[in-house]
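This report refers to the structure that appears directly beneath it.
The values are calculated or read from the model by the stated rules, or taken from the named source; none is laboratory data. This is a predicted model, so every value here is computed, not measured. Positions of Cβ are generated from backbone atoms using ideal geometry, with glycine treated the same way; all protein chains shown enter the neighbour counts. Heads up: the accessible areas ignore ligands, DNA and RNA and are worked out on the full protein's heavy atoms, side chains in. Shrake-Rupley method; radii C 1.70, N 1.55, O 1.52, S 1.80 Å.
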Amino acid sequence: MEDYGKAISELKDIVRKYDNIVFFGGAGVSTESGIPDFRSVDGLYNQQYDYPPETILSHTFYRKNPAEFYRFYRNKMLFTDAKPNAAHLKLAELEQQGKVRAVITQNIDGLHQAAGSKVVLELHGSVLRNYCESCGQFHEMEYILHSEGVPKCEKCGGPVKPDVVLYEEGLDQNTISEAIHYIQDADVLIIGGTSLAVYPAAGLIDYFKGDRLIVINKAPTPRDSYADLLIQAPIGEVFSQI
């Protein structure tokens, strides 16, 4: 990695020069808002749950054991007090300046929209949207949070499911197509706060053919060697300086 100060300076120059930037982000963007990456299992986790997160957050588990799914979901996936951090706020500001064309996120917390970003493509859905599987009635996150067991629709009594892509479920094809469009057309792609380990989402960056690929992440990623600029630091810390 380049000298940190020099790398920040170079990032500033790129942002100043280009006005067709796309941001592709993951869990690391939200950890600085107090939302833990559910893969980083805390000390209490094994005492509370009999299965790993990836198992509980699968379509099969949701169907077979919905009560246990919702116990985990309410406890580990809903953060009502989380606020946008410097990364979310800077991206919204850069969009308003006509520099960032789109934010493509693997996160499901809605913090990019809360910060003011308008063009946000949520590859894995959002905890803010929940729908009855029987009649399609929309329910707020608070409805899920304050329900018990498997939440039931207040309209028809059917089961309510979060609009979140579970393991074994496919991504929304319209969202993927839109993400590919923005990435293909971008002059600059900034990858931030993601280990690029989750597919098919991580594979979308293969469509980038622009001028500058920037990777900002605390830990190494499979794309570090392809980056024109690599900054191994927290994304919020970096964005607060540009």
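Indicate the gyration tensor shape class of the range 82-129 (rounded, prolate or oblate), computed on the Cα atoms with a ≥ b ≥ c the square roots of the eigenvalues: a/c under 1.5 is rounded; otherwise a/b larger than b/c is prolate and the rest oblate.
Numbers: a/c = 2.36, a/b = 1.46, b/c = 1.62.
It comes out oblate by the Cα gyration axes.
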So how tilted is helix 173-185 from the main axis of the chain? Cα-based, degrees 0 to 90, rounded to 10.
10 degrees
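Of all trypsin sites (Lys or Arg not before Pro) in the range 59-140, which ones are in loop regions per DSSP and have a Cβ with at most 15 other Cβ atoms within 10 Å?
Values: sites: Arg63, Lys64, Arg71, Arg74, Lys76, Lys90, Lys99, Arg101, Lys118, Arg129; in loops: Lys99, Lys118.
Those satisfying the criteria are Lys118.
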Work out the length of the dipole vector of the chain about its Cα centre, built from +1 on the beta-carbon of each Lys and Arg and -1 on the beta-carbon of each Asp and Glu, and round it to the nearest 20 debye.
180 debye
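Run the accessible area of the chain with a 1.4 Å probe and give the carbon-and-sulfur part as a rounded percent.
For the chain, the apolar C and S fraction of the accessible surface comes to 49 percent.
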Which listed pairs, of Lys83/Lys161; Lys12/Lys99; Lys90/Lys118; Lys83/Lys118; Lys83/Lys209, have C-alpha distances above 22 Å, in listed order:
Lys83/Lys161; Lys83/Lys209
For every other residue with a beta carbon closer than 14 angstrom to the beta carbon of Ile180, add +1 if it is Lys or Arg and -1 if Asp or Glu, then tell me the sum.
-2
Those aspartates and glutamates that a straight Cα-Cα span of less than 20 Å connects to Lys218, excepting residues fewer than 8 apart in one chain
Glu2, Asp3, Glu10, Glu32, Asp37, Asp42, Asp228, Glu237
Per DSSP helix of 4 or more residues, -39500 (n - 2.57); summed, then divided by the residues of the chain. What does that give at 222 nm, rounded to the nearest 500?
-9000 deg cm²/dmol
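Per residue, how many Å² of accessible area does the chain show with a 1.4 Å probe?
Details: 11420 Å² over 242 residues.
Roughly 47 Å² per residue, with all protein chains present.
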